Amino acid sequence: GGSRAASCLGLDPYKPAYESFLELPGQLAMPDLSDNEAVMMGELVENAVAEGYTRTRGVKLHRVNRSLFHKKYPFIVAHPDRLAVGKNFGVEIKNRGAYREDEYGEDGTDQVLDVEFIQCTVYMAVTELPEWRVVPLFGGNKIREFILRRDMETEEQVLAKIAELTKTLRTKETELAK
C-alpha cells in the first residue's frame, strides 16, 4: 500500500526495503502491532483529528473504508484516511509528538516527512486527485496542514520504481518456487 511505498524506495527510517519485500509474499511475518501503544493511540486519535480538522477548516471529511487500486498497476494499493466531501483532495492524518514538529515546514507548504510525501504521491496516483493534505496533530493539541500537489513527473518516477521492484520480487519468488 501507499504507507509501505517509502520503505520500498528505501526512504523509511523505521523499515528497510527488504522487510517490506519479504512481507509482501509472506516470507516474513507482518509484525503484530496490536499491543504497540503508539499505533493504538494513533488509531484512536485519528477520528478526533479528522473532527478537529472539519471544525477548524470547515471541510467535511469522508472516511474511506476500502482498498483502492491503481488502474495501470493493480498491485499498488491505497488506504487513504479521508477524502474531502465536495472538494478535490484527500487527507492523510498523522499523530506526532510535539518534538517532531520541527521536522516539518510552515503551514500550507509541502514540507513533510519523506515517508508522507511518497505515501501521498501514491494516493494521488491511485485516486487521480490533484491534491493531498497532510494533517498532523502535534503534541496532542496542535493541528497543522500541509498541501501536496500532484506532480506527474515525480509520480511516474515513484510508480516506475515500485513497479520495477515488484517485478524483481515476483521474478525471485518464481525462481524460489521452482
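The values are calculated or read from the model by the stated rules, or taken from the named source; none is laboratory data. These numbers were taken from a predicted model, which means no experiment stands behind them. All Cβ positions, even for glycine, are placed from backbone atoms using ideal geometry, and neighbour counts span all protein chains on display. These area figures cover heavy atoms from the full protein model, side chains too; ligands, DNA and RNA do not enter into them. Shrake-Rupley method; radii C 1.70, N 1.55, O 1.52, S 1.80 Å.
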Ranked highest first by the average count of other Cβ atoms within 10 Å around their residues, in what order do 146-153, 102-109 fall?
146-153, 102-109
List, in order, the whole-Hz ³J(HN,Hα) value for each residue of the range 96-111 obtained from phi through the Karplus relation with A = 6.51, B = -1.76, C = 1.60 and θ = phi - 60°; use x for Gly and Pro.
10, x, 4, 5, 8, 4, 6, 7, 10, x, 6, 3, x, 8, 9, 7
Whole-Hz Karplus couplings 3J(HN,Hα) for the range 54-71, θ = phi - 60° and coefficients 6.51, -1.76, 1.60, Gly and Pro as x, run 4, 5, 7, 10, x, 10, 6, 10, 10, 6, 9, 10, 8, 7, 10, 10, 5, 5
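Using the crude model of +1 on Lys and Arg Cβ and -1 on Asp and Glu Cβ, and no other charge, please compute the dipole size for the range 45-178 relative to its Cα centre, in debye to 20. Write down the numbers at each step before the final one.
Numbers: 22 positive and 22 negative charges, 131 e Å.
Roughly 620 debye for the range 45-178.
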Residues of the range 77-116: accessible area per residue at 1.4 Å, in Å²?
50 Å²
Modelling each spin label as a point 7 Å along the Cα-to-Cβ direction, I'd like the M152/E37 distance in nm, to one decimal.
4.9 nm
Phi angles of the range 35-47, converted by Karplus (6.51 cos²θ - 1.76 cosθ + 1.60, θ = phi - 60°) into ³J(HN,Hα) in whole Hz with x for Gly and Pro, give 9, 7, 4, 5, 5, 4, 5, x, 5, 5, 6, 3, 5
DSSP-loop trypsin sites (Lys or Arg not before Pro) across the range 58-92, with at most 14 other Cβ within 10 angstrom:
K60, R66, K71, K72, K87
FRET efficiency for R55 and E164 from the Cβ-Cβ distance with R0 = 45 Å, rounded to 0.05, comes out at 0.55
Long-range amide H contacts for K60: which residues qualify at under 5 Å (H placed 1.01 Å from N, peptide plane, sequence gap of 5 or more or a different chain)?
V85
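Using the scaling law 2.2 N^0.38 Å as the reference, what is the normalised Cα Rg of the range 29-178?
Working: Rg = 16.9 Å, N = 150, 2.2 N^0.38 = 14.8 Å.
Compared with the compact-globule rule of thumb, the range 29-178 sits at 1.14.
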With label points set 7 Å from each Cα along the Cα-to-Cβ direction at K71 and N88, the distance between them in nm comes to 1.6 nm
